[in-house]
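Below: the structure, in structure tokens.
The values are calculated or read from the model by the stated rules, or taken from the named source; none is laboratory data. This one's a predicted model, so the numbers in the text were calculated from it and none came from an experiment. All Cβ positions, even for glycine, are placed from backbone atoms using ideal geometry, and neighbour counts span all protein chains on display. The accessibility values were calculated without ligands, DNA or RNA, using every heavy atom of the protein model including side chains. Shrake-Rupley method; radii C 1.70, N 1.55, O 1.52, S 1.80 Å.
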Amino acid sequence: MQKPIVHHIPVCPFSQRLEILLTLKGKRDAVAFSVVDITRPRPPELLQFSGGSTALPILETADGVLKESLVILRYLDETFAEPPIARATPYERAVENMLIAMEGDFTSSGYRLVMNQDEARRAALHDAVLAQYRRLDAFLTTHNPAGTFLFEHFGLAEAVFTPMFVRFSFLAYFEDFELPAAGFERVLHWRAACLAHPAAQQVSSEEVVKAYYDYARGAGNGALPAGRARSSFVFEPHWRGRPWPPKDKYSPGATDMELGLVAAG
Ligand SMILES: N[C@@H](CCC(=O)N[C@@H](CS)C(=O)NCC(=O)O)C(=O)O
């Protein structure tokens, strides 16, 4: 049987979810990963598979194309069944799904803050992210007060949230956003264990901060901020060789040259 193919953008958190799940199962190589450059128009054959939609990841299977990371996660968990990552009993699976159902609001709050360009809205947007962390803290305190993860191991809910915890290093860097220790103990403990887990090391905070500079300037999904010709998501020059971008996102932005986006020579 031909391997399923994930079409993905490597620094994308939604794709990282799939890589984490497969790594937990020891099946990273059971799926082929085909890299898409977010800074270029999608290749026509990809748009044909996806029925015209551009959001990634999509999974090409022998039966047809699947979209939406949460759908693909569950499909891969069932297809490569051993070991199962989702909880086994109906009640535990429901608890896991309640936590997973919080991911959309959590993610949106962080992306709204990083993309905000209006200093007057900063405090309200910081509070909105804190409110999301408070909800997670309360949920974990209710369902596993003395534990580390939601259940005894890093599982499906952790595969869903950890990529966002990694991306939110853009909030620490560009927004000086840190969780206060008091009142957030349970979620801080969870987040630290998620970030340290060996199956979740695909993307570093340095890569996130360098790649997401354009988001911090209000331009998402490979779009270009005014005055720039190269996206911070380009593959070349490689992010490792580029300087860290300016932390102050509310002052006039850095140029392609200052960001190391123009190849030397
Ligand atoms: N709800 C989707 C979100 C996917 C998504 O937004 N992916 C981004 C990359 S991180 C993307 O493909 N953006 C480009 C676009 O939408 O055209 C999922 O969970 O798979």
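So here's what we get for this one:
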| quantity | calculated |
| --- | --- |
| Relative contact order of the range 5-79, defined on C-alpha pairs under 8 angstrom at six or more residues apart (%) | 39 |
| Within the range 204-265: Cβ-based charge dipole about Cα centre, in debye rounded to nearest 20 (Lys, Arg +1; Asp, Glu -1) | 60 |
| Helix-only CD estimate at 222 nm, as mean residue ellipticity for the chain, using -39500 (n - 2.57) per DSSP H run (n ≥ 4) | -13500 deg cm²/dmol |
| Coil-residue GluC sites (Glu not before Pro) of the range 64-173, DSSP, other Cβ within 10 Å capped at 11 | E152 |
| DSSP bridge orientation in the chain - percent antiparallel, rounded to nearest 5 | 60 |
| Span from the the range 185-250 Cα centroid across to the the range 85-103 one, whole angstrom | 29 |
| Using θ = phi - 60° and Karplus 6.51 cos²θ - 1.76 cosθ + 1.60, couplings along the range 142-156 (whole Hz; Gly, Pro as x) | 5, 9, 7, x, 9, x, 9, 8, 5, 10, 6, 10, 4, x, 5 |
| Check: the chain dipole with +1 on Lys, Arg Cβ and -1 on Asp, Glu Cβ, in debye | 260 |
| Whole-angstrom Cα spans of the range 1-148 along principal axes, big to small | 49, 43, 22 |
| Highest average packing first - 5-16, 237-248, Cβ atoms within 10 Å | 5-16, 237-248 |
| Relative contact order (%) - the range 1-136, alpha-carbon pairs under 8 angstrom, separation at least six | 22 |
| Per residue, in Å², the accessible surface of the range 5-79 once ligands and nucleic acids are set aside, probe 1.4 Å | 45 |
| Taking only Cα atoms of the range 5-79, radius of gyration then Dmax in Å | 11.8, 34 |
| Calculated Rg and Dmax of the chain using C-alpha coordinates, Å | 19.0, 61 |
| Base-10 log of normalised Debye intensity for the range 204-265 (one unit scatterer per alpha-carbon) at q = 0.14, 0.18, 0.22, 0.26 Å⁻¹ | -0.32, -0.54, -0.84, -1.21 |
| Computed over the range 157-218: relative contact order in percent, which uses C-alpha pairs under 8 Å that are six or more apart | 48 |
| Stokes-Einstein diffusion coefficient of the range 164-252, Kirkwood radius over Cα pairs, 10 °C, 1.306 mPa s, in µm²/s | 110 |
| Percent of Cα-Cα distances greater than 19 Å, calculated over the range 79-225 | 55 |
| The range 139-244, dipole about Cα centre (Lys/Arg Cβ +1, Asp/Glu Cβ -1), debye to the nearest 20 | 360 |
